[in-house]
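Comments concern the structure below.
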Amino acid sequence: MINCIDLKNINDIRADFPILATKVYNKPLVYLDNAATSQKPQCVIDKVSEVFSRYNGNIHRGVHAISDKASEEYENAREKVRSFINAEKSREIVFTSGTTGSINAVAFSFGERYIRSGDEVIISHLEHHANIVPWQMMCDRKGAILRVIPINNNGGIIFDEYLKLLSSRTRIVAVTHVSNALGTILPVKKIIETAHSMDIPVLIDGAQGIQHGDVDVADMDCDFYVFSGHKVYGPTGIGILYGKEKWLAELPPYQGGGDMVENVTFEKTTYGELPFKFEAGTMNFSAAIGLGTALDYIRSIGTENIERMEKDLLDYANKRLSQIKELKIYGHSEKKIPLISFLLKGIHMYDTGMLLDKMGIAVRTGTHCAQPVMDRFGIEGTVRASMCFYNTREEIDSLGTGIEKAVKMLS
Amino acid sequence: MTINEVQDAIVEEFSVFDDWMDKYNLVIDMGKELPAIDPKFKTRDYLIEGCQSKVWLHPEFRDNKISFTADSDAIITRGIVSLLIRILSGRTPEEIISAELYSIEKIGLRQHLSPTRSNGLLSMIRQIKLYAMAYKATGSR
């Protein structure tokens, strides 16, 4: 067993992530695309490899030793997720394929059970496509209406407008914890409290929230919280759907297949208990087990430390990038994750991203799968530098210098 | 010069640079030198939309040769557009249809033509070939 031992300084932390020592185009990799996917610590890589080299047996099925071992590790991972987000029961934790899979599951099942023609669903203008399209599909199917909370020029939601949208027709509110395009942290607790005062459940899309600080679903009191494993230092292809038991018990399954059933005959099938009724077919158990290890790793660093380190990075990046007079930042919310979305005056984002890439700096360019946000600001996209705790001030300096060089070449 | 002679000349021009930034400086310069497209052709009809950058392409068929003018909103894309125009513009439909564009890969800019890049360049090449096929069909009627 590899343990993620106590960590002291940034060099030790970086040494845990083998990819951070990579060179691209003969230059050290400066990885600033963490909002797209985060890198994996060695302990996660080892854990996934351990599954395949020591106990790769299909979970919940075998009578044999390695299947038992895999099942046990898989259920341990579920318990680690439960404890990490402080859910009450492990049966409230459903493994899915990712944030997108989780939202589609809720949108479908909730829609089937509770949505009628003329009902309303509220989302915000900050959502990425994964928290727009599944609701649109469900609304189309059910004749329901999608309402959108507008945002202000700083990239925060306009709370008063949210209050106006809430009505007796509202069936569910689904908003992001953190904007992937602008970095805004939404006042989710207040959003939930207000909705609950009208008995409306709330889904929080935690794709960009879970990795940047303490997420406590009990304290938040959300009805659903969803996130992806790969953005929280875990493997790809695994995600979490947390739902309060009272909801999950009521919702119909959205996929049928093996492992989710209690009894199957051609006349009638009865479904298994929670959470298994939402886990049809062979789950991505190796990734689930790897995710458990990723959460252990985060705990070993400490979410408070992560918040502190990332705040320092964001402050430093704001200061460094504001020295570049051609640079305009989008998203000035008071509470932000360490993410900076920007454009350079008169320069296309694609050009900026291309040149930064050749300097070894990985950023994302485009709409960030959040086209409505870009439309709101009248732009086609941005360059997005998204940091996390393993990034350094030196890397931000490299970004600054890289941008200045790009400006020189492109103007 | 044949299509391949032009391509070989381009490969030669780029071969003096080892450094990526120098290569891109040359691409950017080529982008700046691309003759302007007539603004009346910078419309939706001639737009090839990529998710990241856009390309406008206008063909003109005269004396069995197709001339292209083009533009892009991103300068690096425009540089590569400029290379493609240099290679393919002023050719017969047959020449264009049978052209193998090996030079872009040889000078290390293949990533711009990857289907996932969605900058409009791959679609631009397809569009150029489609125009050539269309003109070939109408020209031989």
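Among residues of the range A:287-312 that are among the charged types (D, E, K, R), those with a Cβ under 8 angstrom from a residue that is surrounded by 21 or more Cβ atoms within 10 Å (Cβ to Cβ) and not in a helix (DSSP H, G or I), sequence gap 6+ or separate chain, pair up as A:310/A:337; A:310/A:338; A:310/A:387; A:310/A:388; A:310/A:389; A:311/A:338. The set of residues in the range A:36-56 that are among the basic types (Lys, Arg) and within 26 Å of the chain's Cα centre (by Cα) comprises A:40, A:47. The strands (runs of 3 or more DSSP E) found wholly in the range A:227-292 and carrying at least 2 residues that are of a type outside the set (S, T, N, Q) occupy A:239-243, A:261-264.
Is it true that some residue in the range A:282-299 is within 26 Å of residue A:192 (Cα to Cα), assigned by TED's automatic domain parsing to the domain that holds residue A:174, surrounded by fewer than 23 Cβ atoms within 10 Å (Cβ to Cβ) and of a type outside the set (A, V, I, L, M)? Looking for residues that are within 26 Å of residue A:192 (Cα to Cα), assigned by TED's automatic domain parsing to the domain that holds residue A:174, surrounded by fewer than 23 Cβ atoms within 10 Å (Cβ to Cβ) and of a type outside the set (A, V, I, L, M), one finds none in the range A:282-299, hence no.
Of all residues in the range A:353-375, those being more than 28 Å from residue A:187 (Cβ to Cβ) and either within 9 Å of chain B (Cβ to nearest Cβ) or more than 21 Å from the chain's Cα centre (by Cα) (or both) number 10.
Among the residues of the range A:78-104, those that are basic (Lys, Arg) and farther than 18 Å from residue A:233 by Cα comprise A:89, A:91. Test residue A:199 against the stated conditions and say whether it is at pLDDT below 95 and either more than 26 Å from residue A:341 (Cα to Cα) or not in a helix (DSSP H, G or I) (or both). For residue A:199, the condition - at pLDDT below 95 and either more than 26 Å from residue A:341 (Cα to Cα) or not in a helix (DSSP H, G or I) (or both) - is not met.
In the range A:333-344, which residues are within 14 Å of another protein chain (Cβ to nearest Cβ) and more than 19 Å from residue B:24 (Cβ to Cβ)? A:343, the sole residue that qualifies. Is at least one residue of the range B:10-19 under 19 Å from residue B:135 (Cα atoms), at pLDDT below 95, surrounded by fewer than 17 Cβ atoms within 10 Å (Cβ to Cβ) and away from chain A (no Cβ under 14 Å)? So far as the range B:10-19 goes, no, none of its residues is under 19 Å from residue B:135 (Cα atoms), at pLDDT below 95, surrounded by fewer than 17 Cβ atoms within 10 Å (Cβ to Cβ) and away from chain A (no Cβ under 14 Å). Among the residues of the range B:21-37, those identified as touching a residue at least 12 places away in the same chain (Cβ under 8 Å) and of a type outside the set (Asp, Glu) are B:23, B:24, B:26, B:27, B:28, B:30, B:31, B:32, B:34, B:35, B:36, B:37.
Of the residues A:350, A:330, A:316, the single one that is hydroxyl-bearing (Ser, Thr, Tyr) and within 14 Å of chain B (Cβ to nearest Cβ) is A:350. Checking every residue in the range A:24-31 against the condition of being of a type outside the set (Ser, Thr, Tyr) and surrounded by 19 or more Cβ atoms within 10 Å (Cβ to Cβ) gives at least one match. Of all the residues in the range B:59-81, those that are surrounded by 22 or more Cβ atoms within 10 Å (Cβ to Cβ) and either among the hydroxyl-bearing types (Ser, Thr, Tyr) or farther than 30 Å from residue A:346 by Cα (or both) number 3.
Rundown of residues vs (1) within 14 Å of chain A (Cβ to nearest Cβ); (2) of a type in the set (D, E, K, R), yes/no style:
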{"residue": "B:32", "(1), (2)": "yes, yes"}
{"residue": "B:54", "(1), (2)": "yes, yes"}
{"residue": "B:75", "(1), (2)": "yes, no"}
{"residue": "B:91", "(1), (2)": "no, yes"}
{"residue": "B:97", "(1), (2)": "no, no"}
{"residue": "B:103", "(1), (2)": "no, no"}
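Would you say residue A:145 is out of contact with any Cys (no Cβ under 8 Å at 6 or more places or on another chain) and of a type in the set (Val, Ile, Thr)? So residue A:145 does not fit the description; no. Taken residue by residue, the range B:81-89 has no member that is over 20 Å from residue B:103 (Cα atoms) and more than 14 Å from every other protein chain (Cβ to nearest Cβ).
Put simply, of A:109, A:124 the only residue that is in contact with a Pro (Cβ under 9 Å, 6 or more places away or on another chain) and more than 15 Å from residue A:371 (Cβ to Cβ) is A:109. Tell me, please, whether a residue that is out of contact with any helix residue (DSSP H, G or I) (no Cβ under 6 Å at 6 or more places or on another chain), in contact (Cβ under 8 Å) with a residue 12 or more places away in the chain and either outside the structural domain of residue A:254 (by TED's automatic domain parsing) or under 21 Å from residue A:278 (Cα atoms) (or both) can be found in the range A:150-169. There is no residue in the range A:150-169 that is out of contact with any helix residue (DSSP H, G or I) (no Cβ under 6 Å at 6 or more places or on another chain), in contact (Cβ under 8 Å) with a residue 12 or more places away in the chain and either outside the structural domain of residue A:254 (by TED's automatic domain parsing) or under 21 Å from residue A:278 (Cα atoms) (or both).
The values are calculated or read from the model by the stated rules, or taken from the named source; none is laboratory data. Here the structure is a predicted model, which is why all the values come from computation and not from measurement. Ideal geometry is used to build each Cβ from the backbone, glycine not excepted, and the neighbour counts take in all protein chains shown.
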